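Here's the structure we're looking at; comments come further down.
Taken together, the values in this text are just the output of simple stated rules run on the coordinates, not laboratory data. What you see is a predicted model, and the numbers here were worked out from it, not measured in a lab. Glycine gets a Cβ as well: all are built from the backbone with ideal geometry, and neighbour counts include every protein chain shown.
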Amino acid sequence: MKIPAAFLLLSASSTSAFAPARLTTRQVTASSALYGSAVDKVKEMFKGKPAEDAEFDKMVKSNFPGAISNKELATRVVELLEEKGFTVENTLLCTSLCADELARVLEDEFVEIYGNNFNLGGLSGFPFAGNTGWGAMSAHVPDNGFNLVIHGPHVGITKDGTIGKVERSGIALVDNCCGSAIAASNYLKGITDGGASITPKLQQFSDFQQGAVQELILPFGKRLSRAENRMRELPYALYDSQEVLVNDIVNTGKGSIKAGLAVLGGIQINTGPDTLDYFHPLRFDYFDSEGNMVDNMLPYLRDGKQSQGNEGAYFTHRRSPTMVHLRFHRHCSFLGAHNYYLRLSSPPATTMKLPIAATSFALLSTYTSAFQHSSNSAVRVSKRTFSPSTRLNILAGTETASQRVSKVVRKDENNEMDKLVKDNFPGAISNKELEEKVVKVLEGLGLTPANTLLATSLCCDELARNLEDDFNTVYGHNFNLGGLAGFPFAGNTGFGAMAGHIPDDGYCFLIHGPHVGITKDGVIGKVERSGIALVDSCCGSAIAASNYLKSITDGGMKITPKLQEFSDFQQGAVRELILPFGKRLNDADNRMKELPYALYDSQDILVRDIINTGKGGIKKGLALLSGIQINTAPDTLDYFHPLRFEFYDENGKVTEDLLPKLNG
């Protein structure tokens, strides 16, 4: 069901009684029971929220003049974009940030506003999904809608001011940040200062993103060598390199801009778990529908001199048709700049006007009662603050992983769609069933929210974030190893960095695989998307590679390697990695149904090689779940066909095949 309004303005001065619009009565299912009172839930969510630290704020800003907190950034960006016409319903978020789970903090804060993001980024934040990724992303922008792109490298800073390192949850030693950037910087230093030879690595699929980072930073050797503080200069050198690529990609794809495009670029500054993260904005440009840059919004973003009227309630059905987003800023001084979410057991049928009743915890209780009364829906209230939101901050408390899974309110199951999916993909189960079973199995092995780092290798497509989000709810922010079509393009360097972020004496849970769409009428390789009238290809990268392969096997076209083209080298890799499967795809009864399985077999080889190379970094153990994501329409459940579920011990040996426990 579509929600008719994206933005409902609230009056901060309103004292009138709540008068809800009429809503359709829905059956409340047992799975959507109310979990405690709103006040209790909000109080729980306030635990662990970092307080603003004036001394630390001064230290960050003295090292990075122009930096502002993520809280300030998100507030100002949303204000500016609202004036341009950007709303939750008409905006697709796109990011090009590092694979590091700390980069998910900024990403998630904007995801909570605009919905799931299309991920263009790779190691160090380079936009390695390139022109193909941009083209696919542009097609996913709602009709007559907008696109917000956020890009840039990241850097850590410790409590005592050390740049290039950061404290991480569950790890005693401070750790490099950004690991990929520092490794590339050390490689470059070996060349400029030590006479080492340049060693191109682009042909090594198991680590070619890091090879690209190394090559793309080469022109900055002299600049870094002369810098007073190499670690402070490094993210700015990376940004300048990345901006060249971003500008080239935007210029190449500007013909696909719909109503407009906003590009926010800068440096993410990650801090410890108990302090706010920061961002140094270096560009904030607005492009019109013709691809012309018509407004430099950076001065407004830096000064923060914009309108005050940004409190509101937002229907965010791109993320969930049952989520209502309440956002409060300056007028609610007690609540501060927080995001609250009301999760309904069923979508509201009409627009609702929501007056602000009070700037206190009673406000949330008022909304909860009102929604329950007017929609006959159970309501769960949660809160996300503009804060570091690291794993242990989000997951503080005594709940088990299984308890958190049970609290997730999901779309209703559709028996007809369920049968359609399982007829086409025997062995597939819903994401809901998958998560419940997986979490139960992992709990039995000792994996908990506090001791487990989630890593994923899924496609850049925003639909692939659905599965990711389900497990983020349990295990916190994920390290992103994946690129186009789900290939683990962060490679050996990414895996090594990820392993270094696993909590001391803890575990890694890695999910990987390609994805495929299926429409309500059973067309495979396409899917309905929110805000877009026409059904769209899914997975776009995979289908483009399949078409390229078909033109070779059927039409005699020559192989054209593209690995040297940094603006599109991931797609070049997808093409090469699928080449051995030409005959298999040609012989298939349904090429689109066979395609994700061919991709999976190719990816499985890479994943095994990467794990084998990096197994020495595994701490207590690693659980690997892999298979095919099956994306469906916005109002139906997504599915997953599990093909591997294994547990590796601390020595990197597979000690248990867990797949039967999912199929049982």
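Descriptive notes on the structure:
- Highest-first packing order for the peptide set 229-238, 56-65, 280-289 is 229-238, 280-289, 56-65, based on the mean count of other beta carbon atoms within 10 Å.
- Each peptide in 641-652, 478-489, 434-445, 126-137 was scored by the mean count of other Cβ atoms within 10 Å over its residues; highest first, the order is 478-489, 126-137, 434-445, 641-652.
- According to the calculation over all Cα-Cα pairs in the range 99-165, the P(r) per 5 Å bin from zero is 4, 14, 23, 22, 18, 9, 6, 3, 2, 0 %.
- Peptide ranges 452-462, 498-508 listed from the most packed, as the mean C-beta count within 10 angstrom indicates: 452-462, 498-508
- Cα centroids of the range 590-664 and the range 91-157: 24 Å apart.
- Taking 1.306 mPa s as the viscosity and 10 °C as the temperature, the Stokes-Einstein diffusion coefficient of the range 620-664 based on its alpha-carbon Kirkwood radius rounds to 133 µm²/s.
- Counting all C-alpha pairs of the range 564-664, share separated by more than 21 Å (%): 53 percent
- Projected area, mean over directions - the range 566-614, Cα convex hull, nm²: 4.2 nm²
- Inter-centroid distance (Cα atoms) of the range 431-505 relative to the range 212-253, Å: 29 Å
- 3J(HN,Hα) along the range 626-631: 9, x, 10, 7, 10, 8 Hz, from the Karplus curve 6.51 cos²θ - 1.76 cosθ + 1.60 with θ = phi - 60°, whole Hz, x for Gly and Pro.
- The alpha-carbon atoms of the range 425-540, seen along their principal axes, cover 49, 31, 26 angstrom, with the largest extent given first.
- Two-decimal Rg/Rh across the range 437-487, once Rg and the Kirkwood Rh are taken from alpha-carbon atoms: 1.01
- Derived scalar couplings ³J(HN,Hα) [the range 572-589; Karplus, 6.51 cos²θ - 1.76 cosθ + 1.60; whole Hz; x for Gly, Pro]: x, 5, 4, 4, 5, 6, 9, 3, x, 9, x, 5, 4, 6, 5, 7, 6, 5
- You can think of it this way: the chain between Lys550 and Glu433 has 38.5 nm of extra reach, that is 0.36 nm per residue less the Cα-Cα gap.
- In the calculated pair-distance distribution of the range 476-527, the portion above 15 angstrom amounts to 58 percent of the Cα-Cα pairs.
- Taking 0.36 nm per residue of separation and subtracting the Cα-Cα distance, full extension of the segment from Glu228 to Lys520 would add 99.2 nm.
- Whole-number percent relative contact order across the range 102-166, with pairs defined as alpha carbons under 8 Å at least 6 apart: 22 percent
- Listed residue pairs exceeding 21 Å between alpha carbons, taken from Lys84/Lys254; Lys422/Lys520; Lys526/Lys661; Lys58/Lys159; Lys520/Lys583: Lys526/Lys661; Lys520/Lys583
- The H on the amide N of Asp635, modeled in the peptide plane, is under 5 Å from the matching H of no residue at least 5 residues off or on a different chain.
- Debye intensity ratio in log₁₀ form over the Cα atoms of the range 79-218, taken at each q of 0.10, 0.15 Å⁻¹: -0.44, -0.87
- From phi via Karplus (6.51, -1.76, 1.60), per-residue ³J(HN,Hα) for the range 635-645 in Hz, x at Gly/Pro: 9, 10, 5, 7, 10, 8, 9, x, 10, 8, 8
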